[in-house]
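Remarks on the structure that follows.
We did not get these values from a lab; they are worked out from the coordinates using the rules stated. Since the structure is predicted, the reported quantities are computational estimates derived from the model, not experimental observations. Virtual Cβ from ideal backbone geometry, glycine too; neighbours counted across all protein chains shown.
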Amino acid sequence: MEAGTETADNKQIVLKSYIINGSSISETNMELKVGNRITLEAPKGSKGVLVKNLYLSCDPYMRGRMLDFHGSYIPPFTPGSAIEGFGVSKVVDSDDPNFKEEEFVAGLTNWEEYTLILNTAQLRKIQQDDVIPLSYHVGLLGMPGFTAYAGFYEVCAPKKGEYVYVSAASGAVGQLVGQLAKLHGCYVVGSAGTSQKVELLKNKLGFDEAFNYKEESDLEAALARYFPQGIDIYFDNVGGPMLDAALGNMRVHGRVAICGMVSQNSRTDTQSFRNMFGLISKRITIKGFLQSDFLQLYPRFLEDVSGYYKQGKIVYIENMNEGLESGPAALVGLFSGKNVGKQVIRVASE
C-alpha cells in the first residue's frame, strides 16, 4: 500500500497538567490519549519524516519540562500535547531526501506511536548492528551515554590513578562514567540506593567499591571511609547532602562535574552547604554542564564507546518496560529509584 493511503490509530502520552512547584512528579500529570487517527505520510513540502517509534527514553530532565517554567535551557511541554523525549524510530515515509523509508533513526520524538518530525537536522541515522541492540541508541550510544563521556573526559579531565566517586552510579549515566574511569586507570567508588544496585556496581560494572547511601547515617564519614586519601573527581548526579559530603572529602585541585540534582527536584527551600570553604583552600573546581555543549565530540564518542562494548570492555544495563501505556509509571519510577540501569519503553517491535 502506498504511503499516504494508509491510516492508523496513534496512541499518545500527553501532558495533562503541570507539576505544582515543590510537588513530586505523578502519573496523574500525564494521560494516555487514544482515538487519534492519522494518515501514514509525510506531507509534501514539509521536509519532514514520519516515523514509527520503537523505543522511548525516560530521563530525569523531562521532569523540568513538566513545570510551567520558561527560564530553562529547554522549553516546557504543552498541556494537552504529547510529551517529547529521545527515541529510536523507523522511517515510515519521508519528504526529506536525506532519509529513506525503513531506515532507523535516533533523536527527539514524541511519546506516541507515530510522529511527524520536521526538525530532521537533529536526527541521527542508525546502522543496524548484530552486536549492539537498537534500544542502546537511547542509552549507551544516546544522550545519557554521551553525557557520561563528555562529562568525564571534558569536564572532569581525568588522570590515570586518580580517585573517582560517582553518585546514582547504577543509572543511565553513572554506570558508564564508572566504567570509563576504570578504563582510564582510576580507582572508582559508586553509591546507589539498594543492595541489589550495589552488587551490580561491584560484580557486573567493575567498580572497585560501592555502598548503599540509604544505610549511611553520616555521608561525609562514609566517603572518608571509602576514600581515605580523598576524592579527585566527583561526578554528581544527585546534589544536596551528597554534594556537601563530597566537598568535605575532596583533594587539592579536585574537580566536581554537576550532571544532575535529583535530590532537589521537590524542594522549595534553599539547600545550605557546610563545606564550601574547601573550594578556596583546596582550589576545587565545580562545573555544571550540558551534553549539548560538546556535540562536536559525538562522532568520537560513538566510535569509542561502541568499540569498547564490542570488545567486551564495558557492559550496559537496561530496564525495559513494555508498551506506550507503561510510560508514565516508568518515568515517575525514575525519581524513587525503581529502575535498575537505563529506563526504556518499548513501544513497538523492530
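Tabulated data
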item	result
Extreme residue, positive dipole direction of the chain, given options Gly341, Val188, Tyr308 (C-beta unit charges)	Val188
Kirkwood hydrodynamic radius over Cα pairs of the stretch 1-56, then Stokes diffusion coefficient at 25 °C and 0.890 mPa s, in µm²/s	175
Degrees, to the nearest 10: 174-183 long Cα axis against longest axis of the chain	60
Computed over the stretch 143-292, Cα set: Rg, Dmax in Å	13.9, 40
Normalised contact order of the stretch 106-197, rounded percent, pairs of Cα under 8 Å and 6 or more residues apart	22
C-alpha center-to-center spacing [the stretch 155-169, the stretch 211-230] in angstrom	16
Isotropically averaged projected area of the chain, using the convex hull of Cα atoms (one quarter of hull area), nm²	17.9
Nearby aspartates and glutamates by direct alpha-carbon distance to Lys11 (threshold 16 angstrom, same-chain neighbours under 8 apart not counted)	Glu31, Glu84, Glu112, Glu113, Glu322, Glu325
Calculated FRET value between Leu297 and Ala348, using beta carbons and R₀ = 25 Å, to 0.05	0.20
Peptides ranked, highest mean first, by Cβ atoms within 10 Å: ranges 184-190, 283-289, 127-133	184-190, 283-289, 127-133
Equivalent ellipsoid, the stretch 1-150 (semi-axes from 5 times Cα gyration tensor eigenvalues, Å)	26, 21, 13
Backbone HN-Hα couplings from phi across the stretch 144-156 [Karplus 6.51/-1.76/1.60, Hz, Gly and Pro as x]	x, x, 5, 4, 4, 5, 5, x, 5, 6, 8, 8, 7
Mean Cα-pair separation over length for the chain, i.e. relative contact order, pairs under 8 Å, 6 or more apart, %	17
Anchor Lys342: lysines whose Cα lies under 18 Å away (excluding residues fewer than 8 positions away in-chain)	Lys197, Lys202, Lys204
Mean-position separation - Cα centroids, the stretch 1-63 and the stretch 276-317, in angstrom	31
